[in-house]
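Here's the structure we're looking at; comments come further down.
The values are calculated or read from the model by the stated rules, or taken from the named source; none is laboratory data. All figures in this text were calculated on a predicted structure; none of them were measured in a lab. No Cβ is skipped: glycine too gets one built from the backbone with ideal geometry, and neighbour counts run over all protein chains shown. All accessible areas refer to the heavy atoms of the entire protein, side chains included, with ligands and DNA or RNA removed. Shrake-Rupley method; radii C 1.70, N 1.55, O 1.52, S 1.80 Å.
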Amino acid sequence: NTSKRLSEYMPQKPFERVPEADLPDMFKSARRQPLGDAYLRYLVRELKPAIDARYRTLPGRASTSILGSSMGGLISLYAICEYPEVFGGAACLSTAWTVAGGITAQDLQAALPDPKTHRIYFDYGNETKEEGYEALHQKVDSQLKAAGYAEGTNWLSKQFPGEEHSERAWRRRVEVPLEFLLSPSLRR
């Protein structure tokens, strides 16, 4: 969790498809560019192979998931879209939809992996939501449904009333996405 977190966890490809004039101000500057592709390359080409080589893992897609919260949720969704052959599941807790003006939510449907072989989990608390968050979250839910995902089977989206956007809240509910991703019913 460094000062570069926003840039490192920001998906890149959605920005490439948006005219510069439509980019949020924070990304118009050369000082802050999305670096999500480099972060994912590191995870996929260096970190995961090192873990698989050192430990007894099941390295296949069906046994490999990624989980993150806030910006980590955003990059986790991007990871399963960019590397569907590596990640079979993604859990995105309190996904930072409102960062970058919803650009990533708008760009999602074309990039979603095959719902027959992938699982995606979303959640959020409603205590500290940002303005516009719920509308973006509902848009993403609609996009998953349109892409063939079936809620409760290979996609789950949950609201946690009274929960805030914090590590403490995510820790209290982390078993929900873990149970959903690790359930054997979709593993292939």
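Taking the options SER76, SER94, SER70, name whichever one is of a type in the set (S, T, N, Q) and at pLDDT 95 or above. Lay out the reasoning, then the answer.
Working: SER94 fails: at pLDDT 95 or above; SER70 fails: at pLDDT 95 or above.
The unique qualifying residue is SER76.
Answer with yes or no whether ALA110 is closer than 20 Å to PRO19 by Cβ, without any contact (Cβ under 8 Å) to a residue 40 or more places away in the chain and either touching a Gly at 6+ places or on another chain (Cβ under 6 Å) or surrounded by fewer than 19 Cβ atoms within 10 Å (Cβ to Cβ) (or both).
Values: closer than 20 Å to PRO19 by Cβ: yes; without any contact (Cβ under 8 Å) to a residue 40 or more places away in the chain: yes; either touching a Gly at 6+ places or on another chain (Cβ under 6 Å) or surrounded by fewer than 19 Cβ atoms within 10 Å (Cβ to Cβ) (or both): yes.
Considered against the rule, which asks whether it is closer than 20 Å to PRO19 by Cβ, without any contact (Cβ under 8 Å) to a residue 40 or more places away in the chain and either touching a Gly at 6+ places or on another chain (Cβ under 6 Å) or surrounded by fewer than 19 Cβ atoms within 10 Å (Cβ to Cβ) (or both), ALA110 comes out as yes.
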**Message:** Give me the residue from the stretch 89-112 that is part of a helix (DSSP H, G or I) and of a type in the set (Val, Ile, Thr) and, out of that set, nearest to ALA147 (Cα to Cα).
**Reply:** THR104
**Request:** Identify all residues within the stretch 40-76 that are in contact (Cβ under 8 Å) with a residue 60 or more places away in the chain and outside any helix (DSSP H, G or I); write none if there are none.
**Result:** SER65, LEU67, SER69, SER70
**Asked** Which of the following residues is over 20 Å from TYR78 (Cα atoms) and in a loop (DSSP other than H, G, I, E, B): GLU163, GLU179?
**Response** GLU163
**Request:** Count, please, the residues in the stretch 89-107 that happen to be surrounded by fewer than 23 Cβ atoms within 10 Å (Cβ to Cβ) and under 18 Å from ASN154 (Cβ atoms).
**Result:** 0
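So which residues in the stretch 77-88 are assigned to a loop (DSSP other than H, G, I, E, B) and either buried (at least 22 other Cβ atoms within 10 Å of the Cβ) or out of contact with any Lys or Arg (no Cβ under 7 Å at 6 or more places or on another chain) (or both), if there are any at all? Before you say what the answer is, go through the steps one by one.
Filtering the stretch 77-88 down to residues assigned to a loop (DSSP other than H, G, I, E, B) leaves 83-88.
Result: TYR83, PRO84, PHE87, GLY88.
Within the stretch 113-127, take every residue that is touching a strand residue (DSSP E or B) at 6+ places or on another chain (Cβ under 7 Å) and open to solvent by less than 20 Å² (accessible area, probe 1.4 Å) and give me the one that is farthest from TYR149 (Cα to Cα). Break it down into steps so the answer makes sense when it comes.
Step one: filter the stretch 113-127 for residues touching a strand residue (DSSP E or B) at 6+ places or on another chain (Cβ under 7 Å), giving 118-126.
Applying the additional criterion that residues be open to solvent by less than 20 Å² (accessible area, probe 1.4 Å) yields 118-125.
Numbers: HIS118: 9, ARG119: 8, ILE120: 9, TYR121: 11, PHE122: 13, ASP123: 16, TYR124: 19, GLY125: 22 Å.
My answer is GLY125.
For the structure I just gave you, tell me whether TYR149 is among the aromatic types (Phe, Trp, Tyr), crowded, with 18+ Cβ neighbours inside 10 Å, free of Cβ contacts under 8 Å to residues at least 40 places away in the same chain and more than 22 Å from ARG173 (Cα to Cα).
Numbers: among the aromatic types (Phe, Trp, Tyr): yes; crowded, with 18+ Cβ neighbours inside 10 Å: yes; free of Cβ contacts under 8 Å to residues at least 40 places away in the same chain: yes; more than 22 Å from ARG173 (Cα to Cα): yes.
For TYR149, the condition - among the aromatic types (Phe, Trp, Tyr), crowded, with 18+ Cβ neighbours inside 10 Å, free of Cβ contacts under 8 Å to residues at least 40 places away in the same chain and more than 22 Å from ARG173 (Cα to Cα) - is met.
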